[in-house]
Structures are given as C-alpha cells and as structure tokens.
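Throughout, read-outs are computed from the coordinates displayed, never taken from laboratory work. Small disclaimer: the values here were computed from a predicted structure and weren't measured. Every residue, glycine among them, receives a Cβ derived from its backbone with ideal geometry; neighbour counts consider all protein chains shown.
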RNA sequence: GGGCGCGUGGCCUAGCUGGAUAUGGCACUUGCCUCCUAAGCAAGCGGUCAAGGGUUCGAAUCCCUUCGCGCCCGCCA
C-alpha cells in the first residue's frame, strides 16, 4: 500500500475508476479527454462520469455513449458495478473492500486519520494582525477563526504550517495610545486588568485630545517620528504597551483554542533597514513620482482604477507608511516560506492589489495568497466604537458559556458542578466558533445573538453530541475495537445506515485535502454536519451493544472510526470533542 | 464616477472549474424516550436560485445589462 492509499481509502477506488474509464474511452475512440468524476445524487452510485462533453466529438447521444463505455468496463478490484444512467457512467464501490480499508486505516491512524502525505511545503499563514489598541470585537474575530481553522486543516493535509501575527507597533494608532499611557491619568479600566481592555480609555482620551488640541497632535507626531527613527526610550514604552494589549487579546483567543505560532513586529523592518532598501528600489522605478516631497507610484498601468491611482510610499518628512513596511514584511515572509497566505478583511483588497503591483515593480515574482472575508455587522448596521455598538469577543464568549451552562443544567443536573461547567465551556465556545466557521468567507454576516448561541441543528453542539454518543457506546462496550476488526466490518456491515456512515468516514481524507487546496475551511463545517447527522441516524436505527456475534465487533469498529473522524474534524474546526454532554 | 465581493423558501446556509429530483438548518405543523444520552430521529409545510437578456443539447453555476447590500479609491493603519 502506498502512503496515499494508507491515508485515503476512497482514493484507491477513484483511481481504479479513472483507469478503467481511460481504457474504455480509448476503445470508443476518445483518448485525450480529462476525466472528471462527480459525486452522484444518493442512490445512484459512488462516482459518476458525465458523458455530455463527448456527445459532440462522437456525434452520439450522451446516453448511448454512457452505455457504450459502461459495457466496456468489467468490474474488478474496488469497482463493484458500473451502469449507464441519464448520460452518466456510474461506478459503485465494492463495499467490503472500502469498509476494510477505511476501518483499518482509521483505527490505526486514529488522531492522524484524515491526514495526507507530507507535502514538504512551508506555509506561512498570517492572520488576525489587528492593531494592539483594544479588545477584539466579533467583526475582527472572524479573522482568527478562519485563519486558525485553515491552518489546522492544512496541517492535517500535510503542509508545514506556521501561523503568524504581524504586530503594528509603529503606527499612529499605537503611538496615540502610548502617548495617552505616558501623559494621562485615568481611573480603572473596565473588565478588570485584562491587558487589551486596560488602555482603551487612554487611547480614547488621547485620540480625542489629538482632534481638539493641535499641540497634542504635534506631540504624537513627534513620538511617531521617534519611533520610526529608533529612539530607544520611545520604542521601549511603545513595545510595552503593545505587548500588554497583545497579551490580553491572546488570552481571549486561547479560550477559543487559537494559538499563534509567531509574532513579527513591524518596527523590525524599520530597524533592520529593509524598509529603506524597499524604498530605494521603488524610487528607481519608472513608476515613481514625487509631489511635495512625498513619493508615490503611479499604478494605472497595473489595472488599478478609481479616483486616485497613486500609491504613496513615503511621507514628505521621509518616513515610511504602513504599506511600505508591509512590502518589506512580505519579502521577509517569502524568504521564510514556499507559500504565504494572508487572511484579511475585504477592506484590504485594493491595498493588496497595490502591494502586488509594487512587488512586481521591485522585481519579486512571489505574491501572497489572500483569503478575504466580509465583515460582521449588527442588525442595526455597522459596529461602531463611537456609538458603543461593538460586541467584544470577550462578551460573546462569556454569554455563550453562560447560555450553555443553562442548557447543561437542564439536561445533566446529575453531573457534578465542575463537570457541568466544563461541558458548558466546551459547548458554548464551540458553538461560537462553528457559527462563524460554517459561513463562506466572502459572505457578509449579520450578527444575531439567537443564532450565535443556537445549540441545535446545524451547530457545534450537534456535532459534539454525536461524538459524545459514540463515546458513550464505546465506554459501555466489553472490548475495544482495533484495526483487526476491519475484516468483520467488511463482512458484517450490511444495512443502509451502516454503509452510508462508513462512506462518509472514508471520504474524510479527501475532504480535508479539498478544503486545504481550495483554502475554504467552511466546507469542512458542512461535511462534519453531514457526518454527525449520518451518525445520529445510525445511532437511532442500528443497535450496537445489543447486536449479536461478530456484528457487534463490526459495529463497534464503525463507531470508533466515526468517533475519530468526528473528533479530527472538530479538532480542525478548533472545537473540543467532549466524551459526555 | 471607478473597482472588488455578495444576493438561493419567512430567516440562515451548501452547491458556483455548466450536468441527473437545488444541500442542510432555524421557525411552523405532527409523530417517536419500558430500547447504547430526545442538544436526537422521522414526516409535513415552504423555492420564478434578485430581475431581464445571451451562450449551450443543458444555466443557481458562464457572459452582458439593471436593481439591492457590503467594502474600498488617505502623506491612516
């Protein structure tokens, strides 16, 4: 067995179908068609080959072609049957072989089930990277959830993934906050002493003073200048305030199972001279222009349109701008990775287009891959700090856990208090992550409490419940299933519910691969929902512990395989899989 | 004014490299706990896939136009 087969039981069947098809296609007189296999609607087989594109070439009806092809394929290996239907050639998998391969790999691989072979590709995945000036709100929370989920999926799929947070410690916002911390005296901040909440009043007040008092603005500008020119005292103070806020934000993220591997401080690129290098390269380009001492690139010929096609990269005082430093950062990321992925809000689209043009101009052939997401708004509209309409991630998490606790108490008051709290945390925070992860990134989300805290239907608790039920069966079983049960599965799993469940388990590695390749984590949420639903049907209609003879062994093995699949899928989604709830 | 994205039953959503009866959930109606956890299962209700045109044997999917929503077009980050 090859590495791929070892991890993806369905792939063997797919390859055999492709091989059989290409042989049959040559026989009917087609030899250079790309073979695409689809998933037929249920009940029509396991893989389908559409013959419609061939109709023109062969001057026959798709139906006739499908029949011709089907008649030329003799089922063998993992192919159990081939039939022509509605212009498709449908392949049925040989269930016993699929079952054997699936169960033996799943129960041997366990927490690695679903993994693809190591790709030897270094991925640097930058996500979150918000300004360290205050607590994260739910609009921003979409970024770490998408980023972390994608990172987990890609790791399982076989990539070497490093996640990174780019800390903006030289910008105006942070400088304003630092000025406030240094010069203002303000009473206790809300939310105790948590780092990301602590300096918010200072930032607000300093910001207000900047707008009212030109002298304050001047001081902030002076601080900004000092920061950019590496004044040790200013840099130190700035770093300390940023770190404090950052630590608070990370504390919040850890609650939803998000840990970031590395932090890169923006000031580094100013200090190590790489920004200057970028600037001098840009200045040499034919696209560079100057006005009032500030320099910009004219990017119209790069397809950038709008009111202004200028891209300014130095201020008139010679200091760099965020985007200039971002350019240096990207060169740095490219030097450390094979693939650089950014998770960014859709407001960054133009900026990234400009960045790509600038990379072109300075002669880099690398580009970041970008996953853009639309913002989360409230039913009343956009979240606004000024109007006080923001919902912070901390508030949402607290509320989710509280709501979950009420539900746990309703259902499981038999459990000790501590255990109920633990389940509430798992369920509440899981529900929150799932609710954001399940939606495709480009789609706007209108935040509604009742939806975010829904614990039924398409929600994390639904998935967790299926997992808990599987655990419950296994706990009560006399024997523990292992890879050796694969033979029993091949012989004894005969009914519809068992087979459909097994097929979903078998498809898991393929799904992980697809989600990783397309960089679309939400597709995993949909799959996991299907898997849990299928498990719940199985649970309802197929008794495991009351089965007889070696049927019990087969079913236990299937439950164990489904349990690992659920667990691993939930793990990719960053959701804890409780053993009871 | 220009660019990018989104628009799928009352609400949320999958499908979007064209293909077989458009996926699930919420809500609503109705059944199912002497049987491994009812955060579950089953049945029902509900769709001109924003509108119009085009390409095609075939369009939710591709192209054009229009409408609606979001985001952007700073010597901010």
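Observations on the structure shown:
- Values of log10 I(q)/I(0), in the order q = 0.06, 0.08, 0.10 Å⁻¹, for chain A under a Debye, Cα-only, solvent-free model: -0.41, -0.69, -0.97
- In nm, spacing of pseudo-spin labels at residue A:39 and residue A:27 (7 Å Cα→C-beta vector): 3.0 nm
- Residue A:63/residue A:480 FRET efficiency (R0 56 Å; Cβ-Cβ; nearest 0.05): 0.65
- In this simple spin-label model, placing a label point 7 Å from the Cα along the Cα-to-Cβ direction at both residue A:399 and residue A:387 gives a separation of 1.6 nm.
- When restricted to Cα atoms, region A:3-93 yields an Rg and a Dmax of 12.7, 42 Å, respectively.
- Working note: 222 nm ellipticity from helices only, DSSP H runs with n ≥ 4, each -39,500 (n - 2.57), summed and divided by the residues of chain A, gives -18000 deg cm²/dmol to the nearest 500.
- At R0 = 41 Å, FRET efficiency that the Cβ-Cβ distance of residue A:413 and residue A:122 yields, to 0.05: 0.25
- Two-site FRET efficiency, residue A:369 against residue A:74, from Cβ-Cβ distance with R₀ of 35 Å, rounded to 0.05: 0.20
- Two-site label geometry, residue A:52 and residue A:422: point separation in nm, points 7 Å out along Cα→Cβ: 5.3 nm
- One Cα centroid belongs to region A:56-87, the other to region A:211-275; the line between them spans 64 Å.
- Contact order for region A:3-93, expressed relative to its length and based on alpha carbon pairs under 8 Å spaced 6+ residues apart, stands at 28 percent.
- Contact order, relative form, for region A:147-302: 27 percent (alpha carbon pairs under 8 Å, 6 or more residues apart, mean separation divided by residue count).
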